[in-house]
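These notes concern the structure reproduced below.
Computed from the coordinates by the stated procedures, all read-outs in this text should not be read as laboratory data. Source: prediction; values computed, not measured. Neighbour counts run over all protein chains shown; Cβ positions are idealised from the backbone, glycine included.
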Amino acid sequence: MTTALLKQPTQTPAVRKPNRSFVHGLLSNKKAVTGMAVMLVFIALALLAPVLFPGDPSRITAMASLEPSAEHWLGTTAKGQDVLALTVHGSRSSLFVGLTVGFASTFIGILVGLASAYFGRFIDEALSLATNVFLLLPGLPLLVILAAFLPPGLGTVILVLVVTGWAGSARVLRSQALSIRSKDFVAAAVVSGERAGRIMFREILPNMASIVMGTLLACVIYGIGAQAGLEFLGLGDVSTVSWGNNLFWAGNEGALLTGSWWVFIPSGVCIALVAFALALINYAVDEVTNPRLRKIKTPKNTERSAS
């Protein structure tokens, strides 16, 4: 009896294949790869702008309103400035403002959302009231008023955009944190006596990675678009070179009236491409983290007609 049991082969437990990591999932997603490739091109242009076009990009280099040619690939403005140099150098300011506004707004949204969802009661009511007030305020008029009364500069633009942009991310992150706050592992951490900060940032926040990533990308898009809108209205620092200021000067110099399409189209296309690339990455994050959005790949030659 014992020898029979000893000779009986033991069953090895089935080994599960590890799930793809978040980074690997993004790198294998075509939308994410396309979006990241576009963003890397713009980041590389922004970093290499002083090398590609040394000196002041707004200096006069040729005759006014020249069409695109071999000497000036994107033509010149009504003042004789090289449009390509203005576009490449403009990416530095626009991307810097967009990324700074995105990270700052998301950081404030994380702090407000986690504190509101975890502590609840009075803190939740106070933070929710502040969030609702900023959400109810009309965004564009508030942007215009703040930008008009504060001194011009990149710091002012960033401050105005963060003040008017954090509330939306805080509301989204609070709702997500509330759903995670009710999970058993969070209750177990509370019972075990872990500190509130550790529970919020080590237990709740890692489970919000996808929504935090999506919020960050949306805030970056908001920062770039809002900066371009403010500067197009003349509420930014017109002495800096950015995509918004390029559009502002193109409108003031009558590029539309004279048919000088090469003056305003490059900056507008750059803004659209960056927003499109970030939107692709955002959608890819949803696909990687949400199983319902993933495409189920069936093995080839599995469907055969029954004979």
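See the values below:
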item: Exposed-loop-free span, longest in the chain, where GluC sites (Glu not before Pro) count as exposed if DSSP calls them loop and at most 12 other C-beta atoms lie within 10 Å; result: 72-302
item: Angstrom value of the Kirkwood radius, inverse mean 1/r, which spans all Cα pairs in the range 51-185; result: 18.1
item: Placed amide H near ASP237: partners under 5 Å, 5+ positions off or other chain; result: GLY153
item: Within a Gaussian network of the chain (alpha carbon springs, distance under 10 Å), most fluctuating of LEU74, LEU216, LEU140; result: LEU140
item: Per-residue HN-Hα couplings for the range 172-181 [Karplus 6.51, -1.76, 1.60; θ = phi - 60°; Hz; x = Gly/Pro]; result: 5, 5, 5, 4, 5, 5, 5, 5, 7, 4
item: Least to most buried among HIS72, HIS89, HIS24 (fewest other Cβ within 10 Å first); result: HIS24, HIS72, HIS89
item: Estimated FRET transfer efficiency (PHE122, LEU142; beta-carbon r; R0 22 Å; 0.05); result: 0.20
item: From phi via Karplus (6.51, -1.76, 1.60), per-residue ³J(HN,Hα) for the range 23-30 in Hz, x at Gly/Pro; result: 5, 5, x, 5, 5, 9, 9, 5
item: At q = 0.14, 0.16, 0.21 Å⁻¹, base-10 log of I(q)/I(0) for the range 160-285 (Debye sum, equal scatterers on each alpha carbon); result: -0.74, -0.85, -1.14
item: Simple spin-label estimate for ASN207 and VAL190 in nanometres, 7 Å along Cα-Cβ; result: 1.2
item: Taking ARG171, ARG198 and counting other C-beta atoms within 10 Å, the order from fewest to most; result: ARG198, ARG171
item: Additional length obtainable on full extension of the chain from LYS79 to LEU40, 0.36 nm per residue less Cα span; result: 10.9 nm
item: Rounded D (µm²/s) - the range 117-205, Kirkwood Rh over Cα pairs, Stokes-Einstein at 4 °C, 1.567 mPa s; result: 85
item: ³J(HN,Hα), Karplus 6.51/-1.76/1.60, whole Hz, each residue of the range 34-42, x for Gly, Pro; result: 5, x, 5, 5, 5, 5, 5, 4, 5
item: Residue-averaged [θ]222 nm for the chain, counting only DSSP H segments that reach four residues, each worth -39500 (n - 2.57); result: -22000 deg cm²/dmol
item: Angle in degrees between helix 139-149 and the longest Cα principal axis of the chain, rounded to the nearest 10; result: 50
item: Rg to Rh, two decimals, where the range 174-214 supplies the alpha carbon set and Rh follows Kirkwood; result: 0.97
item: Exposure proxy ranking, count of Cβ atoms within 10 Å, fewest first, for CYS219, CYS270; result: CYS270, CYS219
item: Label-point gap, in nm, between ASP237 and ALA70 - each point 7 angstrom along Cα→Cβ; result: 4.0
